[in-house]
Amino acid sequence: MKKEKRQLTEIQVERRMKVLDTLKSLIFPVVLCLVVAIGIYLIIHIVNVEEEHDEIVPRAYAGEEQEIVLENDELKLTLNTITTNFTVLQKKTGKVWSSCADNAEEDTKALNDEKGKMLSNVVLSYAVTNGLETIYNCHDYSVTKGVYEIEADENEIKLLYSIGNIEKEFIIPPVITETDFLALQANMDQEGKNYIKDYYSKYDINNLRKKDNKEELLELYPVLETDVIYVLRAETKEARKAKMEEIFEAAGYTYEQYLENKELDNSASSSDRPVFNLEMDLRLEGNDLVVEIPYSSLEYRSDCPIYTITPLPYFGAADQNEDDGFLFVPEGGGSIINYNNGKYSQNTYYANVYGWDMCLMRNFVVHNTRNYFNVFGQSCDGSSYICVMEGGAPYASVQAGVSGMVSNYNYVNAVYSICQREDYNVSTMANAAVYAYLKELPDESIIQRYTFINSGDYVDMAVAYREYLEDEYGDYLTLNDETEVPLAVEVVGAIDKVQQVVGVPVSLPLKLTSYKGAANIITDLHDSGVNNLSVKFTGWCNGGVSQKMLSSVRLISALGTSGDLKKLTKTADELGVDLYLDGITQYAHRSNIFNGFNSFTDAARQLTKQRAELFHLSHVTYSTRTGFKSYYLLHTSLAQKMANNLVAAADKYGANVSFQDIGMDLSSDFTEDQYHSREQVMKLNQELLKSLDSKKVMINMGNDYAVPYVDLVTNMDLKGSGYTLIDAEVPFYQIAIHGYVDYTGNPINICGNDQEELLRCVEYGAGLYFTVTEESSFAIQKTLYPEYYACEYDSWKDRMLEMYNRYNEELGHTFNQEMTGHEVLSPYVYCTSYADGTKVYVNYSYADDFTAPDGTVVPKRDYTVVR
């Protein structure tokens, strides 16, 4: 029996010990959960604690309906003061452009909210902490409520809007003394007197009703202590107020008297409904209409920041009955969307100007939109306009739609991101999203310059843009004197590959082209007759193509010695070849403290104060690509320093400089006390490129703000994304810059369709671009760089020279000329013209040869030059 009790006691002790062990094991998870819960609480209740907000005072228009006119020799702007809408007359053609959609009220397709946009000069959206976005248009939420003001002189019109769900203000006395009330009644007929009297309550301090609270009334209406007053009943409906306004106006009641009566009323309380104030300035400058919204004019509550602004969303919009016209969007080199093209089941066009801001977080990407120049436009009835986004372009996205989508109108506009936002990662424990917003706006403006053209041809629109660029950039943009086709060759030095070192897997540089090998390629191409040759040497330092931060420049021993690199640059110089050393300056790949990089101090910060950690995204899964390590966006001042380090390294070895990211990627930096807006970074990059005026510079893609300061642009997106909504791709941007700056498309040998890319280069007046390696494709196996398959120089040399020699012989003379014409002859055939009369016909068709109107025969998948 004792033995059994002892065994039972031992079992109990064992059980207790197990329970204690279990409890101990739960301590860490419980503490962790508490920390997470406290963190979520702090984010929701402290980070976004409600602040006292300054009241946004609504404006009020007290003027009469009239027309305000701005006029010069080219244009006439006429604005209606009641609607604030305006028209612009092109005097030479008689074309009238309206700021809104004519007859929008009669549109059978548009919903009421869309009709409000169609009648508005500006649309804004605001957002709150949980990310909920609300859209207000100035027609429904400002103009019809009369909460706006107009200031005008002979040079400018200022439209001062208060936008919000504001109770409409009626010019009737909210509180009035008996003396003034009776004086007004004396000017009314008996019907008016009776009507007015029904909606006012009389208060006499010496004769109050039992239910009246004397102290409360005196607090609300201090004048009651000395005067008998009449107070407007709070429950009076708007329709009644509107009729009373007419009666008071007829009795001689003025706006000045109304303002005096408002001062007698302390009962007015501010509404919880957000109100937004903004200013839109209109002015004529020659043949241009300039529209400006200064950020300094934007007033909003901190808990309801303005998220986006769209100026003139339906400017020049054409309805479904207008067939002669098109919309122009900056997709690729330029794209045309014909009016009423019947593609209303497609998505509207939308693309970010200068691509994505890499300092804003995104976890997946289905399609990366990008416009690399800041123009959209429209052609109608033999006239047209281009709109240059002069101010705020880095925050803009171009959008366009055709009739049948959201309305029966065709439209194109730009929407600007004002207070950017970021989603806090508060885990799955939170039941609502929490967003951080930009707290303070930079001292900048949205500026749109509408240039009107007395022609409906997109070539003339592109020429107008060229003239704008010449005026804007002056001597930085002048015609060159080249007489041969530019040939750009990217030579890949090293990539990283996991290799065994004493049985341990280590990521090391793998040689694809040595410094000596690059010199041999340059010599061979020069000896083969290529004269206008530019060579970009990629992956030559700091670990290779996936380059580590340039805090110091370290050559790759597998590629050769410092002496070998100097011999390479000397060879290029002696042969007259422009050699560019390529580098990454805005990002830190595979970098750590041993490379001079500390992510906590050197990485840019997002709005949530997190480090700007970036991930390679898959084109298949749209999410993070496996096998690739994350990398970081550098904060702005450090990125500028890395750019200067690259320039210094290129100078040291006697080479030119190639920026892999400047001129292509443009990102903000929300680092506290070191904030740089996207536009500020753009200007810093411009100043950097200006400082290199004495050197030759190469960039990728060619964002318009960088192009005038460089010598060669590679990887320019000529075609765009091929949206179904688009009806034709045209070389709008290339017409503007051809002969001034050399540019190429994507590498012909690794783009997927070499003949297609060659034909595109011919049509768009681009130079030829190839990527080559000294090593064969077998070296690329078992690496993360499959894009470099089919790059072996020896395999591509003959084909490269074949393409180059024919192109150079037939069209080399055009590279110092302006492009003067472009025609779409069929869905597959295009004709490009140059200043000396040279024409080149390009036939993309796989099926048939084409005979041009002048009798020129263009073989399928080929081009024909006529001089």
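The values are calculated or read from the model by the stated rules, or taken from the named source; none is laboratory data. All values derive from a computational prediction rather than experimental measurement. Virtual Cβ from ideal backbone geometry, glycine too; neighbours counted across all protein chains shown. Just the protein is used for accessible areas: all its heavy atoms, side chains included, with ligands, DNA and RNA removed. Shrake-Rupley method; radii C 1.70, N 1.55, O 1.52, S 1.80 Å.
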Item to check | Amide N proximity, segment 320-342 versus Ser98 label position 7 Å along Cα-to-Cβ, cut-off under 14 Å | outcome: 320-322
Checklist entry - Hey, if we sort Phe326, Phe770, Phe628, Phe600 by accessible area with the 1.4 Å probe, largest down, what's the order? => result Phe600, Phe628, Phe326, Phe770
Checklist entry - Using a simple spin-label model with points 7 Å from Cα along the Cα→Cβ vector, what separation in nm is obtained for Glu256 and Asp798? => result 9.4
Item to check | Most positive-pole-ward Cα, Gly131, Pro173, Ala101, against dipole of segment 69-193 from beta carbon charges | outcome: Ala101
Checklist outcome for this item: Yeah, segment 84-150 with a ≥ b ≥ c from its alpha-carbon gyration tensor (a/c under 1.5 is rounded, else prolate when a/b outruns b/c, oblate otherwise) is prolate
Checklist entry - Ranked highest first by average number of other Cβ atoms within 10 Å, how do 519-525, 234-240, 75-81, 478-484 line up? => result 519-525, 75-81, 478-484, 234-240
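Taking R0 as 35 Å, what's the FRET efficiency between Thr624 and Glu809 from their Cβ-Cβ distance, rounded to 0.05? Provide the component values of the computation, followed by the final result.
On the way: r = 48 Å, r/R0 = 1.37.
So the FRET efficiency works out to roughly 0.15.
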Checklist entry - What are the lysines whose alpha-carbon lies under 22 Å from the alpha-carbon of Lys839, with same-chain residues fewer than 8 places away excluded? => result Lys719, Lys860
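What order, most packed first, do the peptides 82-95, 494-507 have when packing is the mean number of other Cβ atoms within 10 Å of each residue? Display every interim value, and only then the final one.
Details: 82-95: 17.6, 494-507: 12.9.
The most tightly packed comes first, giving 82-95, 494-507.
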Checklist entry - With point charges of +1 on the Cβ of Lys and Arg and -1 on the Cβ of Asp and Glu, referenced to the Cα centre of the chain, which listed residue (Met461, Tyr307, Val223) lies farthest in the positive direction of the dipole? => result Tyr307
Checklist entry - When you count, for each residue, the other Cβ atoms within 10 Å and take the mean per peptide, how do 577-585, 177-185 rank with the highest first? => result 577-585, 177-185
Next on the checklist: I need the shape label for segment 507-581. Rule: rounded when a/c is under 1.5, else prolate if a/b > b/c, else oblate, with a, b, c from the alpha carbon gyration tensor.
Outcome noted: prolate
Item to check | Whole-Hz couplings from phi, Karplus 6.51/-1.76/1.60, listed for segment 310-321; x for Gly and Pro | outcome: 10, x, 6, x, 10, 4, x, 4, 10, 7, 5, 8
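For the chain, with only Lys/Arg (+1) and Asp/Glu (-1) charged at the beta-carbon, what is the dipole magnitude about the Cα centre, in debye rounded to 20? Intermediate values should be presented prior to the final figure.
Numbers: 74 positive and 128 negative charges, 1112 e Å.
Its charge dipole is roughly 5340 debye.
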Item to check | Compactness of segment 698-757, expressed as Rg and Dmax over alpha-carbon positions, Å | outcome: 12.4, 35
Next on the checklist: Please state the shape class of segment 385-512: rounded when a/c is under 1.5, otherwise prolate if a/b exceeds b/c and oblate if not, all from the C-alpha gyration tensor.
Outcome noted: oblate
Checklist entry - Quick one: helix 562-575 against the long Cα principal axis of the chain, what's the angle to the nearest 10°, folded into 0 to 90? => result 90
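Report the gain in length on full extension from Ala847 to Glu154: 0.36 nm times residue separation, minus Cα-Cα distance, nm rounded to one decimal.
Values: separation 693, 0.36 × 693 = 249.48 nm, distance 6.10 nm.
Working it through step by step, the gained length comes to 243.4 nm.
Counting DSSP beta bridges with both partners in the chain, what percentage is antiparallel, nearest 5?
Working: 132 of 162 bridges.
Counting DSSP beta bridges with both partners in the chain, the antiparallel share is about 80 percent.
Can you give the FRET efficiency to the nearest 0.05 for Asp564 and Asn347, using r as the Cβ-Cβ distance and R₀ = 60 Å?
Details: r = 53 Å, r/R0 = 0.88.
For R0 = 60 Å, the calculated efficiency reads 0.70.
Roughly to the nearest percent, how much of the accessible area of the chain is carbon and sulfur, given a 1.4 Å probe?
Values: 18820 of 39270 Å².
Here carbon and sulfur together make up 48 percent of the probe-accessible area.
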Next on the checklist: Before I look further, what does the chain give for accessible area per residue, probe 1.4 Å, in whole square angstrom?
Outcome noted: 45
Next on the checklist: For q values of 0.05, 0.08, 0.10 Å⁻¹, compute log₁₀ I(q)/I(0) with the Debye formula on a Cα-only model of the chain, without solvent.
Outcome noted: -0.39, -0.84, -1.16
Checklist entry - Mind checking the angle between helix 793-811 and the chain's longest principal axis? C-alpha axes, 0 to 90 degrees, to the nearest 10. => result 70
Checklist entry - Helix 2-42 sits at what angle to the longest principal axis of the chain, using alpha carbons and giving 0 to 90 degrees rounded to 10? => result 80
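Loop only by DSSP, 15 or fewer other Cβ within 10 Å of the Cβ. Give me the GluC sites (Glu not before Pro) in segment 283-347 that pass, ordered by residue number. Spell out each step's value before the answer.
On the way: sites: Glu285, Glu292, Glu299, Glu322, Glu331; in loops: Glu322, Glu331.
Sites meeting the loop and neighbour criteria: Glu322.
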Checklist entry - Which one of Asn287, Pro274, Ile247 is farthest out on the positive end of the charge dipole of segment 240-295, using unit charges on Cβ (Lys, Arg +1; Asp, Glu -1) and the Cα centre as origin? => result Ile247
Next on the checklist: Taking only the Cα atoms of segment 352-423, how large is their convex hull per residue, in Å³?
Outcome noted: 128
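Tally Lys and Arg at +1 and Asp and Glu at -1 over the other residues with C-beta under 11 Å from the C-beta of Ala650: what net charge comes out? Intermediate results must be reported in sequence, preceding the final value.
On the way: positive: Lys652, Lys695, Lys696; negative: Asp582, Asp651.
Result for the local shell: +1.
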Item to check | Estimated inter-spin distance, Phe594 and Leu132, nm [label 7 Å along Cα→Cβ] | outcome: 5.3
Checklist entry - Expressed in nm to one decimal, what extension gain is obtained for the pair Lys76 and Asn321 from 0.36 nm per residue of sequence separation less their Cα-Cα distance? => result 85.6 nm
Checklist entry - Restricting to lysine pairs 8 or more places apart or on different chains, what number in segment 189-274 have Cα atoms under 21 Å apart? => result 20
